[in-house]
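Colleague: The following block contains the structure, expressed as structure tokens.
The values are calculated or read from the model by the stated rules, or taken from the named source; none is laboratory data. As the structure is a prediction and not an experimental result, all values here were calculated from the model. Here the Cβ is made from the backbone with ideal geometry for all residues, glycine too, and neighbour counts use every protein chain on show. Only protein heavy atoms, including side chains, enter the accessible area calculation; ligands, DNA and RNA are left aside. Shrake-Rupley method; radii C 1.70, N 1.55, O 1.52, S 1.80 Å.
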Amino acid sequence: MPCASVEETSAFYEALGFEVTYRQSRPYVYLALRWSGFQLHFGPAPGGLDPAREESGGCLVMVDAVAPYHAAFTAAMRRAYGKVLGSGLPRITRYRPGASRFTLIDPSGNSIIFIQRDEPVELEYGGSKRLTGLARALDNARILREFKNDDLQAFRALKSAVRRRGGDAPPVELAIALCHLIDLAAVLGEPTDPWIADLRDLELVADDRQRIESELGHLAGLREWLG
């Protein structure tokens, strides 16, 4: 993969626990890193490479279970940076319990995608055809986030679906959609207050709240949003 900066790239991966096995800057860039039985190798970046576009390169790391890897990386980030790097560059995508993949985006704009070996081969981009209304939009947003690493498009699609279909959806389904919008808005640096206000205006019974916490308990601010 291309390496825009040997120093920044090696510092990032070493903070996550990787070991540098080879490193040189001249006469050309070459960097090799090792962790947990696999290696990442980096070479010179082509002229005009813009890491911020996140189109540099990438690879897939196939694992038996992705959750332990995500937990290890987020714990390392908290130790090294004082927080989980959830936005900007570098960063790690959020992990939803039961998800089959997540992505590390490094300082050079490369995407290292960790995928569970038993992940389904076929995916229905655009939302499962077995679902309708807001439920299908939620499934589409999940695919955009987890499989296409596109938080912005997930936010736009879900925002549009809430406006068009929210009035016909059960309150608990609308609440789940609003929680996802709040989470996406926070990641993208968008205002969250309007969505939190809409969420608190919903009349939710105890069973609704239980379902929301069961499905979305991994979202750090969930109870605060619900009020």
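Colleague: Rounded, prolate or oblate: which fits region 107-150 when a ≥ b ≥ c are the square roots of the eigenvalues of the alpha-carbon gyration tensor, with rounded for a/c under 1.5 and prolate only if a/b beats b/c?
Modeller: Values: a/c = 3.73, a/b = 1.71, b/c = 2.18.
It comes out oblate by the Cα gyration axes.
Colleague: Same structure again: What's the carbon and sulfur percent of the chain's accessible surface, probe 1.4 angstrom, rounded to a whole number? Show your work: numbers first, answer last.
Modeller: On the way: 5720 of 12100 Å².
Answer for the chain is 47 percent, counting heavy atoms of protein chains only.
Colleague: Taking GluC sites (Glu not before Pro) as exposed when DSSP calls them loop (any state but H, G, I, E, B) and at most 11 other Cβ atoms lie within 10 Å, what is the longest stretch of the chain free of them, the sites themselves excluded?
Modeller: 1-121
Colleague: Within 12 Å, Cβ to Cβ, of SER111, how many net charges do the neighbouring residues add up to if Lys/Arg are +1 and Asp/Glu are -1? Provide the component values of the computation, followed by the final result.
Modeller: Values: positive: ARG53, ARG91, ARG101, LYS148; negative: GLU54, GLU55, ASP106, ASP150.
Charge balance in the 12 Å sphere: 0.
Colleague: Long-range amide H contacts for PHE102: which residues qualify at under 5 Å (H placed 1.01 Å from N, peptide plane, sequence gap of 5 or more or a different chain)?
Modeller: PHE114
Colleague: Please work out the C-alpha center-to-center distance from region 20-82 to region 125-182 and express it in whole Å.
Modeller: First find each Cα centre; the distance between them is then 31 Å.
Colleague: A follow-up question, please. Karplus couplings for region 114-120 from phi (6.51 cos²θ - 1.76 cosθ + 1.60, θ = phi - 60°), rounded to Hz, Gly and Pro as x?
Modeller: With coefficients 6.51, -1.76 and 1.60, one gets 8, 10, 6, 4, 8, 4, x Hz.
Colleague: Using θ = phi - 60° and the Karplus form 6.51 cos²θ - 1.76 cosθ + 1.60, what ³J(HN,Hα) does each residue of region 53-60 get, whole Hz, x for Gly and Pro?
Modeller: 6, 6, 10, 5, x, x, 7, 10
Colleague: Would you mind telling me which residue in SER160, SER214, SER111 has the biggest mean-square fluctuation in a Gaussian network model of the chain, where springs connect alpha carbons within a distance under 10 angstrom?
Modeller: SER214
Colleague: I need the shape label for region 98-191. Rule: rounded when a/c is under 1.5, else prolate if a/b > b/c, else oblate, with a, b, c from the alpha carbon gyration tensor.
Modeller: Numbers: a/c = 2.49, a/b = 1.40, b/c = 1.78.
Taking the square roots of the gyration eigenvalues as a ≥ b ≥ c, region 98-191 is oblate.
Colleague: Using a Förster distance of 25 angstrom, determine the FRET efficiency expected from the C-beta separation of GLU122 and LEU152, and round it to 0.05.
Modeller: Values: r = 25 Å, r/R0 = 1.00.
Calculated value: 0.50.
Colleague: Follow-up question, since we're still on this one. Report, in debye and to the nearest 20, how large the dipole of the chain comes out about its Cα centre when Lys and Arg carry +1 and Asp and Glu carry -1 on their Cβ.
Modeller: On the way: 27 positive and 30 negative charges, 45 e Å.
So the dipole magnitude of the chain works out to roughly 220 debye.
Colleague: Work out the charge dipole of the chain with +1 on the Cβ of Lys and Arg and -1 on the Cβ of Asp and Glu about the Cα centre, then indicate which of GLY166, HIS70, TRP225 is farthest towards its positive end.
Modeller: HIS70
Colleague: Shifting gears a bit: For a test of the definition: using alpha carbon positions, the gyration tensor, and the 1.5 limit on a/c, classify region 1-65 as rounded, prolate or oblate.
Modeller: On the way: a/c = 1.96, a/b = 1.32, b/c = 1.49.
Oblate shape, in that a/c is at least 1.5 and b/c is the bigger or equal ratio.
Colleague: Applying the Karplus parametrisation 6.51 cos²θ - 1.76 cosθ + 1.60 with θ = phi - 60° to the phi angles of region 86-103, what ³J(HN,Hα) value in whole Hz is obtained for each residue in order, glycine and proline being reported as x?
Modeller: So the Karplus estimates, Gly and Pro as x, are x, 8, x, 9, x, 6, 10, 6, 6, 10, 9, x, x, 5, 10, 6, 8, 10 Hz.
Colleague: Any chance you could list P(r) for region 1-137, counting all Cα-Cα pairs in 10 angstrom bins from zero, rounded to whole %?
Modeller: With 10 Å bins starting at 0, P(r) equals 11, 38, 32, 14, 4, 1.
Colleague: With the chain treated as a Gaussian network of Cα nodes joined by springs under 10 Å, which of ASP139, ASP150, ASP201 yields the largest mean-square fluctuation?
Modeller: In the Gaussian network model the winner is ASP201.
Colleague: Considering amide H positions built from the backbone, and no H for Pro or chain starts, which residues 5 or more places from GLY58, or on another chain, come under 5 Å of its amide H?
Modeller: Here the answer is SER111, since their amide H atoms fall under 5 Å of that of GLY58.
Colleague: Where a Cα-Cα gap under 20 Å defines reach, which aspartates and glutamates qualify for LYS129, not counting those fewer than 8 residues away within the same chain?
Modeller: In chain and number order, the partners are GLU119, ASP139, GLU146, ASP168, GLU173.
Colleague: In vacuo Debye scattering of region 140-205, one point per C-alpha: log10 I(q)/I(0) at q = 0.13, 0.18, 0.23, 0.29 Å⁻¹?
Modeller: -0.33, -0.62, -0.97, -1.33
Colleague: Now, a different point. Among the lysines, which have Cα under 27 Å from the Cα of LYS83 when same-chain residues fewer than 8 positions away are ignored?
Modeller: LYS148
Colleague: So, one more: Quick one: work out the % antiparallel among DSSP beta bridges in the chain, nearest 5. Walk me through the intermediate numbers first.
Modeller: Details: 17 of 25 bridges.
The antiparallel proportion sits near 70 percent.
Colleague: Using the basic label-point model (7 angstrom from Cα toward the beta carbon), what is the GLU203 to ARG164 distance in nanometres?
Modeller: Simple spin-label model gives 2.8 nm for this pair.
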